Amino acid sequence: METTKKKSYRKSNLLLIITGSIIELCFLVFTVFQKSERNIVLYMIVFGVSFLFYLIAQAIYKNNPEENSKYQWLNKLSRLTGLSPGVLIILLFAILFRITLIPTVPSTSDDVYRYIWEGKILLNGHNPFEVAPDDESLNYLHTKKYPGLVTYPHMTTIYPATAQAVFVLGYLISGESDKGLKLIYLIAEIITLIFIVKILRLRNQYENQVILYAWLPLPIMEFFVNSHVDAVGITFLMIFIYFILANKYLYSVIPFVLSFLTKLYPAMLFPLLIKQIGWKKSLNFGMLFALLAIVLMYPFIPAERSVNASLFTYLQNWSFNGSVYSLLSGILKNGYLAREICLILFLIGVIIVSVKFKDFLKGAYTIWILFVVFAATLYPWYLTWISAVNPFFGFYSVLSLFFTSNFTNLTPLGTVWREYWFVYLIEYVPFYFFLAIELMFLSKKFNKN
């Protein structure tokens, strides 16, 4: 019996290595054959093929807790790190995938050009919350590429203090290249993977489930092809979640602030936090959070305009790929009203979850699903936040959206910016179908208990 078990583990490890090698080959092909920026067709193909093998890998391995490997070096490394051979294989390939894509250039998003520009002007003493890229005072910083590649050059930044610090550090490392940012993201992603494993251990779940994030093409390609700064915010989010689950609330404040000041999404979790730690501790948490956020943002506050001016413009006017929002907007013929209804429904959902849920992580996951449902704007990289929480639950509905969000890249592929009705069907019919089944299953399970 024991011999059969060992053979099964070794077979699983071998299959994992083979599948990981095929995914690595996909990313190598992209790196070698991506001849220009905006090579969207190749991006979509590589994303789709690598996702297929990602599904195969997780089917083989996510619930198979192996004990040994036929590779002695792997067993030694396993004993040294305290990680099983399978988890080590997963993590080593995950790091390799990300390193492979570092030489690539952006394909489906132009956001990184603003990151680089803002890092540059900050280093030269200019506040990106005060001066837009097309401001004449910045003419002396112009180069052949910048700020020409920056979209919406008339708008000041929407990125808070942590993100700005990342932009500066990235520019210090590699100048007008995104390689410095990607090196920062690589470190951030390694830390994220470590904390996902730590949380899985804390919850007595199989550590192998880290594969649900580690090999997922969505964050890999969005962070290491398109260079989205969300990678850093997610790292601090996972550290925050770990400390909350470990009942170390004071330790959780700093990563929460740093995650919030990368992108503002973690603010959604604050009502849930009140339920988790109680009103008294929440008051202390909130005061410390506010103090740190104000201190970190204070140097960026412009003299003659609101620090959130461009952010409010973005929130009020931008929309892309929202499911409920797009449906309501089409029916009501009024985007502003649809946006307000979605916001109200989302806030009601957050309050209900915060009151009903005892498990903080389940509550956080549910709030992120509510965000997916009611968001007016849902670019693929917005989904990377929920993808980091997905290893603990693995909803098929959410997993389906990670794959089908790739079809939204048909919009930037066209000569005219437009959304396609069939893309909505491809994305949201499977998502809501699986979500309904999952909710029914959970409801029955809850009623039995």
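Just so you know, all these numbers are worked out from the coordinates, no wet-lab data involved. It should be emphasised that the depicted structure is a prediction, and the values quoted were computed from it without experimental measurement. Methodologically, a virtual Cβ is constructed for each residue, glycine included, from the backbone with ideal geometry; neighbour enumeration extends over all protein chains shown.
Which helices of the chain meet both criteria: a Cα extent of 30 Å or more along the helical axis and a mean Kyte-Doolittle score no lower than -1.0, with helices taken as whole DSSP H segments?
Working: long enough: 2-33 (46 Å, 0.59); 40-61 (31 Å, 2.15); 179-202 (34 Å, 1.71); 335-356 (31 Å, 1.94); 421-448 (40 Å, 0.85).
For the chain, where a helix must reach 30 Å along its axis and average at least -1.0, the hits are 2-33, 40-61, 179-202, 335-356, 421-448.
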Cα gyration tensor of the chain - equivalent ellipsoid semi-axes, whole Å, descending: 34, 27, 24
Distance from the range 222-295 to the range 82-143 (C-alpha centre basis), Å: 22 Å
Describe numerically, in nm with one decimal, the distance between label points set 7 Å from Cα along Cα→Cβ at Leu96 and at Leu123. 3.3 nm
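Would you order Trp381, Trp279 from fewest to most other beta-carbon atoms within 10 Å of each residue's own beta-carbon? Could the numbers behind the result be given before it?
Working: Trp381 24, Trp279 9.
Final ranking by Cβ density, sparse to dense: Trp279, Trp381.
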Sorting check: for 286-295, 322-331, which peptide has the highest mean count of neighbouring beta carbons within 10 Å, and how do the rest follow? 322-331, 286-295
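Quick one: order Glu189, Glu207, Glu304 by neighbouring beta-carbon count within 10 Å, fewest to most. Each step should come with its number before you reach the end.
Values: Glu189 26, Glu207 21, Glu304 5.
Fewest-to-most Cβ neighbours within 10 Å comes out as Glu304, Glu207, Glu189.
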Pulled fully out, how much extra length does the chain show between Leu425 and Tyr314, if you take 0.36 nm times their separation in residues and subtract their Cα-Cα distance? 37.4 nm
How high is the FRET efficiency between Leu28 and His154 when r is their beta carbon distance and R₀ equals 35 Å, given to the nearest 0.05? 0.30
For the range 319-449, what class follows from the C-alpha gyration tensor (a ≥ b ≥ c being the square roots of its eigenvalues): rounded when a/c is under 1.5, otherwise prolate if a/b is larger than b/c, else oblate? prolate
tail above 18 Å in the computed P(r) of the range 46-194, as % of all Cα-Cα pairs, reads 66 percent
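What does the charge count near Asp178 come to, summing +1 for each Lys or Arg and -1 for each Asp or Glu among other residues with Cβ under 12 Å from its Cβ?
Details: positive: Arg114, Lys145, Lys179, Lys182; negative: Glu37, Asp110, Asp111, Glu176.
Surrounding charge for Asp178 is 0.
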Counting every C-alpha pair in the range 146-247, the percent lying more than 19 Å apart is 51 percent
Taking the Cα centre of the chain as the origin and placing charges on Cβ (Lys, Arg +1; Asp, Glu -1), which of Ala214, Asn321, Tyr140 is farthest toward the positive end of the dipole? Ala214
Efficiency of FRET between Ser306 and Glu136 - r from beta-carbon atoms, R0 25 angstrom, step 0.05: 0.70
Fewest-first ordering of Lys275, Lys281 by Cβ atoms within 10 Å yields Lys281, Lys275
Those residues of the range 392-407 whose amide nitrogen sits under 16 Å from the label point placed on Met440, 7 Å along Cα→Cβ: 396-397
So for the pair Val105, Leu332, with labels modelled 7 Å out along Cα→Cβ, what separation do we get in nm? 4.2 nm
